[in-house]
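These notes are about the structure you will find just below.
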Amino acid sequence: MEEFMYISFIHCLNREIPGLSEFLRAAGTDNERALTNALAAGFLNAAPFVCYIHSRRNIKEKCRRLGLSSALVSRICEDLFKAKSGLIGAGSLEEFNRKATALMEEWETLQGLRKLAHLPLHNIFAPKSLMTCAKRWPHLF
């Protein structure tokens with residue numbers, strides 16, 4: 001769908017539900033660029049999230065394209081998404097940074113690789129990226 005259509009829809013929502021743009025704190029998508037851009041334009045206070053199912057699928061696909069072993073792909077997904085102990089369950093920015101750094105080192109050791117440098121997780125986990133998120137959406141951290 002075109003971005004302008006999403007923007008029009010969000011404009012209608014904001015018109016019909018006064019205060020929505022001010023009070024909406026998060027919006028989840030399948031990471032479609034047009035939708036993500038429209039949500040960012042229409043809901044300035046909402047942190048963008050990619051849904052769990054799409055995140056997991058995207059990570060698996062990227063790992064496979066990089067030629068990572070299926071065992072490592074499974075390990076990465078478990079380390080990221082496991083209930084209570086996975087990276088997505090980190091309770092603070094400090095815990096997230098600590099776990100992310102440790103996981104990247106473990107994965108690199110397991111694969112003995114340079115390939116992980118091309119995995120977008122590295123950009124997501126970079127402290128600079130996390131600090132940018134924390135500054136923009138402090139209520140999430």
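May I ask you to evaluate 6.51 cos²θ - 1.76 cosθ + 1.60, the Karplus curve with θ = phi - 60°, for each residue of the range 60-66 and list the ³J(HN,Hα) values in order in whole Hz, giving x for glycine and proline?
Listing the rounded values in order: 4, 5, 4, 4, 5, 4, 7 Hz.
State whether the range 8-74 is rounded, prolate or oblate according to the following rule on the C-alpha gyration tensor (a ≥ b ≥ c being the square roots of its eigenvalues): a/c under 1.5 gives rounded; otherwise a/b larger than b/c gives prolate, and the remaining case gives oblate. If you can, show how the numbers build up before the last one.
Working: a/c = 4.44, a/b = 3.20, b/c = 1.39.
It comes out prolate by the Cα gyration axes.
Suppose the chain between Ala90 and Glu108 were pulled fully straight at 0.36 nm per residue; how much longer would it get relative to their current alpha carbon spacing? Provide the component values of the computation, followed by the final result.
Working: separation 18, 0.36 × 18 = 6.48 nm, distance 2.11 nm.
Once the chain is fully extended between Ala90 and Glu108, it gains 4.4 nm.
So how much slack lies between Val50 and Cys12, counting 0.36 nm per residue of separation and subtracting their Cα-Cα distance, in nm?
My answer for the length gained is 11.4 nm.
Report ³J(HN,Hα) in whole Hz for each residue of the range 48-58, in order, from the Karplus equation J = 6.51 cos²θ - 1.76 cosθ + 1.60 where θ = phi - 60°; Gly and Pro get x.
So the J values, rounded to whole Hz, are x, 10, 9, 4, 3, 4, 5, 4, 4, 5, 5.
Amide H to amide H under 5 Å from Val50: which residues, 5+ apart in sequence or cross-chain, H placed 1.01 Å off N in plane?
Answer set, sorted by chain and number: Thr29.
No lab work stands behind these numbers, since they all come straight from the coordinates. Here the structure is a predicted model, which is why all the values come from computation and not from measurement.
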